[in-house]
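*Asks:* Could you have a look at this structure, given as structure tokens, before my questions?
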Amino acid sequence: MDRFKKLDALSNISSQPGDIQSSLESTMPSPEYNPSRVQPQQNDHNPIDSGSDSDEYITSGGATRKNDDLVFTTLGDGVDKPPQEFVTYQLKQGQLTHEGESFIPWAAVKKYPYTYVGVNNRQRVAEGFFDRGKISNEPWDFFYIYRGPSDLNLQPILLVPTRQVESFLKRINQKLHTSLTLPTGGANGSFQVTFNNDGTPQPRYLGRSVNNEMAESLRNNVPPHYFKLNGEPGAVGTPSDRSLAAFRAKIALMTQAQKGKKTASKEKQKKERIEKQQAWSHSIKRVQRYLGLRESTSGRVAAIKARLGETNQGWGRYEDAVQEALAKLPPSAVFKADQAAPYLHEGSVVFVCIDVEAYERNTRIVTEIGIATLDTNDLKSLAPGEGGAEWMKKIRARHFRINEHKHYNNTDFVAGCADRFEFGDSEFINLRDAPHIISTCFKPPFSGPGQVAADGDGQPKRNIILVGHDVGADINFLQSIGYDVLNLSNLLEQADTAIMWRYLKREANPRNLGSILADLGIIGWNLHNAGNDAVYTLQAMIGIAIKHIEEKQKKREIKDLEKKIRISESVKEAVEIAVEREEGWSSGGENSDGGAPVPIIQQPSPQIKKAMKSQTWQRNNPPVASSSRESHGPWKKETSSQSNAGWGASNSQWGSSNTGWGGPPSQLNAATEAFSSMLSSNHNRRERSGQWRSVSASGPVGAPASVNTSAKTTKLESLLQKTSISKESSGPVTTTDGAYDTSHWSTPRLPSHEATAE
């Protein structure tokens, strides 16, 4: 129980209002203090001590007491700084809360922006107050409650008071000018919950937190379910089945809030992925700044503000002017192979790359340590060359082999080559001396020639950038032999070439070092030698930083070229259109007199044009006789009604034709032409062969077709009778040119009776 006594003492440090003010002021920049003690109404309920010592409901008990344990603290003067109200509790650890207090599960509070805030404000709220542990840096009073003795899940549920969440949302609204509120009922009623003093477990006070470390310590030190304060009254009695069912329902809803919505989880995962990818991008850009290939945005903004000077414009207009000037500046990253870095080497850093090789059958056995160093002071006034080749020559390398493990060689999973260091001579060291020797590589002259600087020699420490390919694994290997590089006070950050390459190529999975070197055009000899790998990793870092800028420059050049091509094509097209339009308006110059008068030509009416078009079509598409009895040609047998309708239509057309043009009707001409064609065809056949032969040529020539001839003649005569055309002569009169003269034919008349079948 010593651990819980310590926690109880910790939670009671801020038991006085002055102490509360001090803890809150530590999170606010010089606020004004205006505390006010709150004395709410007393709860008249008098709990009944059941005297039960049963452990089953030991966490329940007399939760009713005077509500005099709240302190409202207002920070801010209301003029320059808006007032912010904080609510704190004056309770001891393990003390029961009063009845009717409303709580919100801590898990639901952390998911608030992803579950209850709209898309428009979600990112602002999450980034400003929730992400990266910011939510835990707010002042909170934590409570806890256990699910009950029958529940298999023995983990407590952490709660925070609803009044503190409301105060927190007010501060967000003041800062972001939003209108965030508590959800009404929350997700299925799981956001807010109150507990009744009916014998079921009640929330107990855990402690106060004002930063992430304190919150984590409280969460890891929750008292057990049987813990209670000395002199605490017992439970009010055994809860009824209805009370237990209501309590279990509340616990189920809070558990659901801890799991969170599926959409909220997806949204959070998406946000984390985007933040991770953006962090990879920022890592490349910072390396470029260290190499002098990119100018920092803060430096650009400072130069713009110095140029603008003081102004009477408002703050908003001034910031707009700064951003407008910043947008007009040329790209901040520039690389030219034949020129030195255009910008200052930010921070004057030293890149130190580490690579550790271990035995493949037992990774706790470290066999090689490789360390490569690149001092940015050596790059000043030095042109990088194509792909940074000249800068790569400035890399210094060391290769250490552990005497106790030099007989271990990797052959199964990788091809070990500990004896083939390409950039100098290998050094054999004892395992116990390895931490000290490694530490000298992080001090001047940084693996260069000369005496290693002693600690406290008065020289300012140079900033170190730790480089590696999956550098986390190498850090763990060094820690396993007794050297923790993370303890360096001048360690600025780390750069991982595996991550840098993933961002450069937008790849989902990391690549091995050999593959990256091949894509960069760097030949890697004897990889999996720790010294060689350290050098090649630094070369890859330089190559990735340069390639990132070159690809951006090429895209800008291609984009500019495409823009120029589009502009030239548009100008050419516009010139052609202007010339064509000008040519249309030209009158031939002064030598043109306008020419002869243009006669007026009367155009035919639309009806005449339609009739002329119809006659032209009929002349070009004459009717074709068919051998089938069901043909739609002029020889098809018709009923009396069809004949009457057809002739009526024909008579009307004839009348219009005679009055309009005086020519023969087109339908009569077609019938006449078909009739004459039949006669001439029969006549020519008789003269040529004397006898008609069958249409089919497959068999021998048959007997004279006198019967067929008689049948065809009868059919023709029947056709003439059906048309009921009266003639002055017995047949059509042939003119000198071979055509039939139809001028002696009388006007067709309708048949008086139905045509008979053949």
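The values are calculated or read from the model by the stated rules, or taken from the named source; none is laboratory data. This is a predicted model, so every value here is computed, not measured. We place every Cβ from the backbone using ideal geometry, glycine too, and count neighbours over all the protein chains shown. To get the accessible areas, we keep the full protein, side chains included, count just its heavy atoms, and leave off ligands, DNA and RNA. Shrake-Rupley method; radii C 1.70, N 1.55, O 1.52, S 1.80 Å.
*Asks:* Given THR297, THR311, which one is among the β-branched types (Val, Ile, Thr) and modelled with pLDDT of 85 or more?
*Replies:* Testing whether each residue is among the β-branched types (Val, Ile, Thr) and modelled with pLDDT of 85 or more leaves just THR297.
*Asks:* Let me ask something else about it. Quick check on this structure: which one of TYR483, TYR503 is assigned to a loop (DSSP other than H, G, I, E, B), out of contact with any Leu (no Cβ under 7 Å at 6 or more places or on another chain) and among the aromatic types (Phe, Trp, Tyr)?
*Replies:* None of the others qualify; the one that does is TYR483.
*Asks:* Let me ask another. Quick one: would you say ALA333 is crowded, with 18+ Cβ neighbours inside 10 Å and closer than 15 Å to ALA473 by Cβ?
*Replies:* Spelling it out, it is not the case that ALA333 is crowded, with 18+ Cβ neighbours inside 10 Å and closer than 15 Å to ALA473 by Cβ.
*Asks:* Quick check: is even one residue across segment 271-280 polar (S, T, N, Q), touching a Phe, Trp or Tyr at 6+ places or on another chain (Cβ under 8 Å), open to solvent by less than 60 Å² (accessible area, probe 1.4 Å) and at pLDDT 85 or above?
*Replies:* no
*Asks:* Return yes or no: is PRO201 at pLDDT 80 or above, open to solvent by 20 Å² or more (accessible area, probe 1.4 Å) and closer than 21 Å to LYS250 by Cα?
*Replies:* Working: at pLDDT 80 or above: yes; open to solvent by 20 Å² or more (accessible area, probe 1.4 Å): no; closer than 21 Å to LYS250 by Cα: yes.
Criteria not met by PRO201.
*Asks:* Between GLU550, GLU583, which is farther than 30 Å from VAL414 by Cα and at pLDDT 85 or above?
*Replies:* When all the criteria are applied, what remains is GLU550.
*Asks:* Which residue pairs have Cβ atoms closer than 7 Å, lie 6 or more positions apart in sequence or on different chains, and pair a first residue in segment 392-419 that is within 30 Å of ALA337 (Cβ to Cβ) with a second residue that is open to solvent by 60 Å² or more (accessible area, probe 1.4 Å) and not in a strand (DSSP E or B)?
*Replies:* ALA397/PHE423
*Asks:* For PHE168, only one of the following conditions fails: (1) within 19 Å of SER217 (Cα to Cα); (2) in contact with a helix residue (DSSP H, G or I) (Cβ under 9 Å, 6 or more places away or on another chain). What is its number?
*Replies:* Exception for PHE168: condition (1).
*Asks:* Here is a follow-up. Residue by residue through segment 308-328, note down the ones that are loosely packed, with under 12 Cβ neighbours inside 10 Å and either in contact with a Ser or Thr (Cβ under 9 Å, 6 or more places away or on another chain) or touching a residue at least 12 places away in the same chain (Cβ under 8 Å) (or both).
*Replies:* Within segment 308-328, ARG317 is the sole residue that qualifies.
*Asks:* Please go through (1) β-branched (Val, Ile, Thr); (2) open to solvent by 50 Å² or more (accessible area, probe 1.4 Å); (3) closer than 29 Å to ASP560 by Cβ for ILE304 and return the number of the only condition it doesn't satisfy.
*Replies:* Here ILE304 meets the rest and fails (2).
*Asks:* Name the pairs: first residue in segment 148-171 and at pLDDT below 90, second residue assigned to a helix (DSSP H, G or I) and open to solvent by 80 Å² or more (accessible area, probe 1.4 Å), Cβ to Cβ under 8 Å, at least 6 apart or on different chains?
*Replies:* GLY148/ARG248; PRO149/ASP55; PRO149/GLU56
*Asks:* OK, next. Among the residues of segment 525-537, is any within 26 Å of ARG273 (Cα to Cα), over 31 Å from the mean Cα position of the chain (by Cα), assigned to a helix (DSSP H, G or I) and touching a residue at least 12 places away in the same chain (Cβ under 8 Å)? Before the answer, list the steps.
*Replies:* Residues of segment 525-537 within 26 Å of ARG273 (Cα to Cα): 537.
Imposing the further condition that a residue be over 31 Å from the mean Cα position of the chain (by Cα) reduces the set to 537.
Applying the additional criterion that residues be assigned to a helix (DSSP H, G or I) yields 537.
Applying the additional criterion that residues be touching a residue at least 12 places away in the same chain (Cβ under 8 Å) yields 537.
Yes.
*Asks:* Only one of these conditions is not met by PHE421: (1) open to solvent by 60 Å² or more (accessible area, probe 1.4 Å); (2) closer than 23 Å to VAL352 by Cβ. Which number is it?
*Replies:* Condition (1) is where PHE421 drops out.
*Asks:* Give the residue that is nearest to VAL160 (Cα to Cα), with candidates limited to residues of segment 114-138 that are in a loop (DSSP other than H, G, I, E, B) and touching a helix residue (DSSP H, G or I) at 6+ places or on another chain (Cβ under 7 Å).
*Replies:* Only one residue fits best here, namely GLU138.
*Asks:* What number goes with the only condition from (1) touching a residue at least 12 places away in the same chain (Cβ under 8 Å); (2) open to solvent by 80 Å² or more (accessible area, probe 1.4 Å) that LEU491 does not pass?
*Replies:* If we test LEU491 against (1) touching a residue at least 12 places away in the same chain (Cβ under 8 Å); (2) open to solvent by 80 Å² or more (accessible area, probe 1.4 Å), just (2) comes out false.
*Asks:* Could you list, in sequence order, all residues of segment 523-574 that are hydrophobic (A, V, I, L, M, F, W, C), touching a helix residue (DSSP H, G or I) at 6+ places or on another chain (Cβ under 8 Å) and open to solvent by less than 30 Å² (accessible area, probe 1.4 Å)?
*Replies:* Result: LEU538, ALA540, MET541, ILE542, ILE544, ALA545, ILE546, ILE549.
*Asks:* Give the residue, chosen from ASP419, ASP425, ASP474, that is over 48 Å from the mean Cα position of the chain (by Cα), closer than 21 Å to GLN539 by Cα and among the acidic types (Asp, Glu).
*Replies:* Of the residues listed, the single one that is over 48 Å from the mean Cα position of the chain (by Cα), closer than 21 Å to GLN539 by Cα and among the acidic types (Asp, Glu) is ASP425.
*Asks:* If you check every pair at least six apart or on different chains, which have Cβ atoms under 9 Å apart with a residue in segment 274-298 that is touching a residue at least 60 places away in the same chain (Cβ under 8 Å) and under 14 Å from ARG502 (Cβ atoms) first and a residue that is open to solvent by less than 60 Å² (accessible area, probe 1.4 Å) and charged (D, E, K, R) second?
*Replies:* Final answer for the pair search is GLN277/ARG502; TRP280/ASP496; TRP280/ARG502; SER283/GLU493; SER283/ASP496.
*Asks:* Looking only at segment 80-106, filter to residues that are of a type in the set (Phe, Trp, Tyr), part of a strand (DSSP E or B) and closer than 14 Å to TYR144 by Cβ; which one of those is modelled with the highest pLDDT?
*Replies:* The initial filter retains those residues of segment 80-106 that are of a type in the set (Phe, Trp, Tyr), namely 86, 89, 103, 106.
Adding the requirement that they be part of a strand (DSSP E or B) leaves 86, 89, 103.
Remaining after also requiring closer than 14 Å to TYR144 by Cβ: 89, 103.
On the way: TYR89: 82, PHE103: 87.
Checked segment 80-106; the qualifying residue modelled with the highest pLDDT is PHE103.
*Asks:* Note down all Cβ pairs under 8 Å where the first residue falls in segment 578-607 and is in a loop (DSSP other than H, G, I, E, B), the second is at pLDDT 80 or above, and they're at least six residues apart or on different chains.
*Replies:* PRO604/MET612
*Asks:* Condition check: of a type outside the set (Val, Ile, Thr), open to solvent by 70 Å² or more (accessible area, probe 1.4 Å) and out of contact with any Cys (no Cβ under 8 Å at 6 or more places or on another chain). Does PRO342 satisfy that?
*Replies:* Taking the combined requirement at face value, the residue satisfies it.
Table: residues versus (1) in contact (Cβ under 8 Å) with a residue 40 or more places away in the chain; (2) touching a Gly at 6+ places or on another chain (Cβ under 9 Å); (3) farther than 22 Å from GLU422 by Cα.
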| site | (1), (2), (3) |
| --- | --- |
| PHE351 | yes, no, no |
| VAL356 | yes, yes, no |
| GLU368 | yes, yes, no |
| ASP375 | yes, yes, no |
| GLY387 | yes, yes, no |
| GLU390 | no, no, no |
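*Asks:* Which of the residues that make up segment 215-229 are part of a loop (DSSP other than H, G, I, E, B) and touching a residue at least 60 places away in the same chain (Cβ under 8 Å)?
*Replies:* Within segment 215-229, ASN221, VAL222, PRO223, HIS225, TYR226, PHE227, LYS228, LEU229 meet the criteria.
*Asks:* For segment 206-213, indicate whether the set of residues that are more than 19 Å from THR162 (Cβ to Cβ), modelled with pLDDT of 70 or more, within 34 Å of the chain's Cα centre (by Cα) and in a helix (DSSP H, G or I) is non-empty.
*Replies:* Yes - at least one qualifying residue is present in segment 206-213.
*Asks:* Inspect segment 424-443 for any residue being of a type in the set (A, V, I, L, M), open to solvent by less than 40 Å² (accessible area, probe 1.4 Å) and part of a loop (DSSP other than H, G, I, E, B) and give the result as yes or no.
*Replies:* no
*Asks:* Name the residue that is modelled with the highest pLDDT, counting only residues in segment 386-418 that are open to solvent by less than 60 Å² (accessible area, probe 1.4 Å) and assigned to a loop (DSSP other than H, G, I, E, B).
*Replies:* ILE395
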